[in-house]
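Q: Take a look at the following structure, please.
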Amino acid sequence: MSRVDYSELADQEERSRQVRYCRLKTEAGDQVAELEVHSFQMRFGAVAVAAEGIGGVETQPEFRRQGHMSRLLRQALSGMAERVDVAFVSDGIEGVYEKFGFVPAVADGHLTVSVRSVERAVGADMDKAVPGIRSGSAADLPMIVRLYNSAHAQRPGTHERHEGWNRLIPQSTWRPGSQSLILEADGAAVGYAVLEGRSFGDPLGSVTVDELVAVNAATVRLLLVAVARLCWQRRLSEFIVREPTDSLVGRVARQMGCSYQQRFPSSGGMMAAVLNRSALVNRLEPELRRRAASHVLDERFVKSGFGALQCGELIPDGRALVRLLLGYWSTDDAQTHGVSILERYVSLCSAWFPGGGTPFLPTPYSHRLDRY
């Protein structure tokens, strides 16, 4: 068998994100396997850190089951560890990425909203258009970035979107692109909804909102009415909103009447791995202090515990650590799953790791437009 060489092609831009292509090729130049490494800023609460994510993993059929993908992943991860302290997989294949230190760390969930519930809750007339609603355009992207970053400023698992962000799905002949609705009041945009596009020739289909953000509850209601009206026109009884239940959108939808489905996979899904423990914990010290701000703690005790966390004496398993940092687990969850925590630091860990969906830490969430 001819030699297979590893290479990287860096600084490529794909839909406003920096991407690195990692490849294995034969001496003859034939492609053996490839993956993409995406760069972004990942929130762990109020602090976002530089991170990289693995996507687009593929091995050519004639080279499968020969160990090439394992080699490619290990070499790519080695390079990632030189640049960032934490890695992610957007939609991991079950039973694969655990071998490389990844664990499921962000649950997937969505709201299902009944058109009738919206109609009853707000007394909407589905025959009438919602005032201030218009179709979105590229000119609205700065507003979308600003509102999104504000709405999810402390939500783990979300990306801190940069100026120039545009992850909307472009329209093509057989692939529906993103459709956006913008809500304006007094000449200013106060909310938006990004919908999955409809497939060409699909007479009914379904309506799914990839994300919905607004400045207050009243504007959320108006956007939900606009989506419900769209469903009513298509003779659909319900629609999906991909937002967490503790978001402003989730709270308004719950008041109207909705269901919430959340999936916690035992393998695969949105996964994470710690690459450099000490550096990651050090970067997240301000976030840990923010979470523990309401607790009365001795400063020397906090510094001692932080040092133990940084060096691995406290919570030595990096897989448990990343789940705690992202709020996927609380301290009680970790102990339930058999994670041993030094007795003298249990109270400190309870302050640092309250779990998502609590007053000090929103539910971790990954929006579809930022996946890879």
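The values are calculated or read from the model by the stated rules, or taken from the named source; none is laboratory data. Quick caveat: nothing in here was measured; it's all calculated off a predicted structure. Reconstructed Cβ throughout: ideal geometry from the backbone, glycine too, with neighbour counts over all protein chains shown. Ligands, DNA and RNA are stripped out before the accessible areas are found, and what is left, the full protein with its side chains, is counted by its heavy atoms. Shrake-Rupley method; radii C 1.70, N 1.55, O 1.52, S 1.80 Å.
Q: Any idea which residue in the range 121-156 is surrounded by the most Cβ atoms within 10 Å (Cβ to Cβ), counting only those that are charged (D, E, K, R) and either over 30 Å from residue 357 (Cβ atoms) or in contact (Cβ under 8 Å) with a residue 60 or more places away in the chain (or both)?
A: Result: 155.
Q: In this structure, does residue 259 turn out to be among the small types (Gly, Ala, Ser), closer than 21 Å to residue 116 by Cβ, open to solvent by 80 Å² or more (accessible area, probe 1.4 Å) and in contact with a strand residue (DSSP E or B) (Cβ under 9 Å, 6 or more places away or on another chain)?
A: No: the conditions fail for residue 259.
Q: So, one more: Checking residue 312 against (1) small (Gly, Ala, Ser); (2) under 17 Å from residue 341 (Cβ atoms); (3) out of contact with any helix residue (DSSP H, G or I) (no Cβ under 8 Å at 6 or more places or on another chain): exactly one of these is not met. Which one?
A: All conditions pass for residue 312, except number (3).
Q: Looking for whichever is modelled with pLDDT under 95 and in contact with a Phe, Trp or Tyr (Cβ under 9 Å, 6 or more places away or on another chain) here; the options are 199, 172, 266. Which one fits?
A: Exactly one of 199, 172, 266 is modelled with pLDDT under 95 and in contact with a Phe, Trp or Tyr (Cβ under 9 Å, 6 or more places away or on another chain), namely 199.
Q: Out of the residues in the range 181-190 meeting the condition of being open to solvent by 20 Å² or more (accessible area, probe 1.4 Å) and outside any loop (DSSP other than H, G, I, E, B), tell me which one is nearest to residue 359 (Cα to Cα).
A: 190
Q: Sticking with this structure for a sec: Report yes if residue 157 is among the small types (Gly, Ala, Ser) and under 23 Å from residue 245 (Cβ atoms), otherwise no.
A: Considered against the rule, which asks whether it is among the small types (Gly, Ala, Ser) and under 23 Å from residue 245 (Cβ atoms), residue 157 comes out as yes.
Q: How about the range 299-352: which of its residues are closer than 23 Å to residue 273 by Cα, among the polar types (S, T, N, Q), part of a helix (DSSP H, G or I) and open to solvent by 60 Å² or more (accessible area, probe 1.4 Å)?
A: Within the range 299-352, 335, 336 meet the criteria.
Q: If you take the residues of the range 52-108 that are part of a strand (DSSP E or B) and of a type in the set (Asp, Glu), which of them is least open to solvent (accessible area, probe 1.4 Å)?
A: My answer is 52.
Q: A further question on this structure: Quick check, is residue 28 touching a Ser or Thr at 6+ places or on another chain (Cβ under 8 Å), over 23 Å from residue 363 (Cα atoms) and open to solvent by less than 10 Å² (accessible area, probe 1.4 Å)?
A: Spelling it out, it is not the case that residue 28 is touching a Ser or Thr at 6+ places or on another chain (Cβ under 8 Å), over 23 Å from residue 363 (Cα atoms) and open to solvent by less than 10 Å² (accessible area, probe 1.4 Å).
Q: How many residues, within the range 277-298, are free of Cβ contacts under 8 Å to residues at least 24 places away in the same chain and surrounded by 13 or more Cβ atoms within 10 Å (Cβ to Cβ)?
A: Residues flagged as free of Cβ contacts under 8 Å to residues at least 24 places away in the same chain and surrounded by 13 or more Cβ atoms within 10 Å (Cβ to Cβ) within the range 277-298 amount to 2.
Q: Sticking with this one: Go through 213, 207, 227 for me and flag whichever is closer than 19 Å to residue 364 by Cα, open to solvent by less than 30 Å² (accessible area, probe 1.4 Å) and among the β-branched types (Val, Ile, Thr).
A: 213
Q: Now for a different question. Please name all residue pairs, on different chains or six or more residues apart, with Cβ atoms under 7 Å, provided the first residue is in the range 310-321 and is on the phi > 0 side of the Ramachandran plot and the second residue is open to solvent by less than 50 Å² (accessible area, probe 1.4 Å).
A: Short answer, once both residue conditions are applied: 312/277; 315/309; 315/321; 315/324; 315/339; 315/341.
Q: Search the range 161-175 for residues being over 14 Å from residue 369 (Cβ atoms) and either in contact (Cβ under 8 Å) with a residue 40 or more places away in the chain or not hydrophobic (A, V, I, L, M, F, W, C) (or both), and hand back the single one that is most open to solvent (accessible area, probe 1.4 Å).
A: 163
Q: Is it true that residue 37 is under 30 Å from residue 150 (Cα atoms), touching a strand residue (DSSP E or B) at 6+ places or on another chain (Cβ under 7 Å) and part of a strand (DSSP E or B)?
A: So residue 37 fits the description; yes.
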